1. For B:Ala43, are the conditions met, namely being touching a His at 6+ places or on another chain (Cβ under 6 Å), more than 14 Å from every other protein chain (Cβ to nearest Cβ), of a type in the set (A, V, I, L, M) and not in a strand (DSSP E or B)?
2. So which residues in region A:124-153 are basic (Lys, Arg) and away from chain B (no Cβ under 11 Å), if there are any at all?
3. Please list, ordered by first then second residue, the pairs with beta carbon atoms under 8 Å, 6 or more apart or interchain, first in region A:44-60 and more than 10 Å from every other protein chain (Cβ to nearest Cβ), second surrounded by fewer than 20 Cβ atoms within 10 Å (Cβ to Cβ) and among the small types (Gly, Ala, Ser).
4. Just for region B:22-33: of the residues that are surrounded by 15 or more Cβ atoms within 10 Å (Cβ to Cβ) and without any contact (Cβ under 8 Å) to a residue 12 or more places away in the chain, which one is nearest to the other protein chains (Cβ to nearest Cβ)?
5. Taking region A:27-69, which residues are in a loop (DSSP other than H, G, I, E, B), farther than 17 Å from A:Val254 by Cβ and modelled with pLDDT of 95 or more?
6. Quick test for you: out of A:Asp117, A:Asp167, A:Asp95, pick the one residue that is touching a helix residue (DSSP H, G or I) at 6+ places or on another chain (Cβ under 6 Å), surrounded by fewer than 21 Cβ atoms within 10 Å (Cβ to Cβ) and acidic (Asp, Glu).
7. Does A:Leu87 meet the test of being modelled with pLDDT of 95 or more, part of a helix (DSSP H, G or I) and under 18 Å from the mean Cα position of the chain (by Cα)?
8. Just for region A:239-264: of the residues that are touching a residue at least 40 places away in the same chain (Cβ under 8 Å) and small (Gly, Ala, Ser), which one is nearest to A:Phe309 (Cα to Cα)?
Amino acid sequence: MPKIPPPLWLLAEVTHSCPLQCPYCSNPLELVPKKDELDTEGWLKVLHQARKMGAAQLGFSGGEPLVRKDLEDLIAEARKLGYYSNLITSGVGMDAARVEKFRELGLDHIQVSFQADDATLNDYLAGTNAFQHKLEMARAVKASGYPMVLCFVIHRQNMHRVAQMLDLAVELQADYVELATTQFEGWALANRDHLLPTLEQVREAERVANVYQEKLKGKMKIYYVVPDYYENRPKACVAGWGRVFIAVAPDGLVLPCHSARSLPGLDLHNVRDHDLAWIWYESPAFNYFRGEDWMKDPCRTCDEREKDFGGCHCQAFKLTGDPKNADPTCAKSPHHYLIEQAIDTSKLNPTSAKPLLFRKRQNSINISPITI
Amino acid sequence: MSQVDFMAVPRLAQGYRFQWEEAQQNHVLLYPEGMVQLSDTAAAVLSLCDGERTVQSIVVELEESYETDGISEDITQFLEEAEAQGWIKYA
């Protein structure tokens, strides 16, 4: 067994609470309740242990991390420890003064996400009137001297407006723009028929992104991630299981990827009971998909197995029932027809029989595990 | 010949941080959601891009500390690359 490298990326999902209700949320359907969240001490311990192992990039995420009143304490400690810290936020829960405070405490970067480029669509998707505030916060972030990083999560319902999104990014003087296609995990998977873009949408968005990229060379970097459903090859999920990335869920459960909670048979551990280093190097869950011994055909003999590591195990499980199967987005997978079916189904434009499911605690309680 | 102006004053671009990583035994450049592992020479140059030194003085300092001369072309080539990558800006 080759030596296991240390994690470089720590994702601290400090809460599942969120004032927004985006139906594309990749959080699990069963959200961690507030009472089960790690307290400040618990998170400080996580930051210390991961940094000692070698994690250099830190993402504060959620839910909406701004909901945590102790975020300032965590940011200050992160800076002291030498992390490069990133706040991944909707912008709801801060004002210009809080942005300035973050800056003083040493937060390195704030990424503000938008649901769309205009108020009506944005606020419909967010389930709340957030657009104007987001605009103000994006400006406050820029004014504070941060690099301006915008994220638009794109899907069937807003993908026709990529040009307008990029126009907004130009207006806000963005340095980086991420056009991130919805990944079909958690809530997004439950809403897949409403969210999966058509091939025409995907190609058109790509064309528009390329035009802007060329036009804005040297001024604004645009990242457009083509959805794996249309790529014929899977993405190397989290750059490979237990290789770079370690996530800690709101309740302290330590995850090799942020959806791994949904996988069956994984013996996941909690930072309340175990040291992060033990969990990373020794625990069965983190070793489960390390190396290639677990692989089945077609991955086992595939010449691309060191590139994508078999793709997303959560996707393989959710769609084929076995996380050790090849990610079905791969055209070599015997289950690839499931992806083609999903694309065909979504083309029909779903009926109101299965309405768009907004991410709310109430919906979290009401829904039973979904079947596809 | 490189196009770098010897009197220009380079500094790290906004949002970039240069630091030593003990676990990696390497200098790195950190930026929004990313990281570059630097070679020793790249690290030596970047450590002097502090918004005060000119390219000229960076060359002189490095030639002194490596007890060599004739590395000016290597340094300016690296600075061109670093600027193209968006790592440094000129004050």
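The values are calculated or read from the model by the stated rules, or taken from the named source; none is laboratory data. Note that the coordinates shown come from a computational prediction; the quantities given were computed from them, not determined experimentally. Cβ placement follows ideal geometry from the backbone for every residue including glycine, while neighbour counts extend to all protein chains displayed.
1. Working: touching a His at 6+ places or on another chain (Cβ under 6 Å): yes; more than 14 Å from every other protein chain (Cβ to nearest Cβ): yes; of a type in the set (A, V, I, L, M): yes; not in a strand (DSSP E or B): yes.
It is true that B:Ala43 is touching a His at 6+ places or on another chain (Cβ under 6 Å), more than 14 Å from every other protein chain (Cβ to nearest Cβ), of a type in the set (A, V, I, L, M) and not in a strand (DSSP E or B).
2. So in region A:124-153, the residues basic (Lys, Arg) come out as A:134, A:139, A:142.
If the condition is that a residue be basic (Lys, Arg) and away from chain B (no Cβ under 11 Å), then A:Lys134, A:Arg139 are the ones that fit.
3. A:Gln49/A:Ala277
4. B:Ala23
5. A:Ala56, A:Glu64, A:Arg68, A:Lys69
6. On the way: A:Asp167 fails: touching a helix residue (DSSP H, G or I) at 6+ places or on another chain (Cβ under 6 Å); A:Asp95 fails: touching a helix residue (DSSP H, G or I) at 6+ places or on another chain (Cβ under 6 Å).
After applying the criteria, what remains is A:Asp117.
7. On the way: modelled with pLDDT of 95 or more: yes; part of a helix (DSSP H, G or I): no; under 18 Å from the mean Cα position of the chain (by Cα): yes.
So A:Leu87 fails the test.
8. In the first step, residues of region A:239-264 are kept if they are touching a residue at least 40 places away in the same chain (Cβ under 8 Å); the result is A:240-252, A:257-264.
Keeping just the survivors that are small (Gly, Ala, Ser) gives A:240, A:242, A:247, A:249, A:252, A:259-260, A:262.
Details: A:Gly240: 6, A:Gly242: 11, A:Ala247: 19, A:Ala249: 24, A:Gly252: 26, A:Ser259: 17, A:Ala260: 16, A:Ser262: 19 Å.
The qualifying residue nearest to A:Phe309 (Cα to Cα) is A:Gly240.
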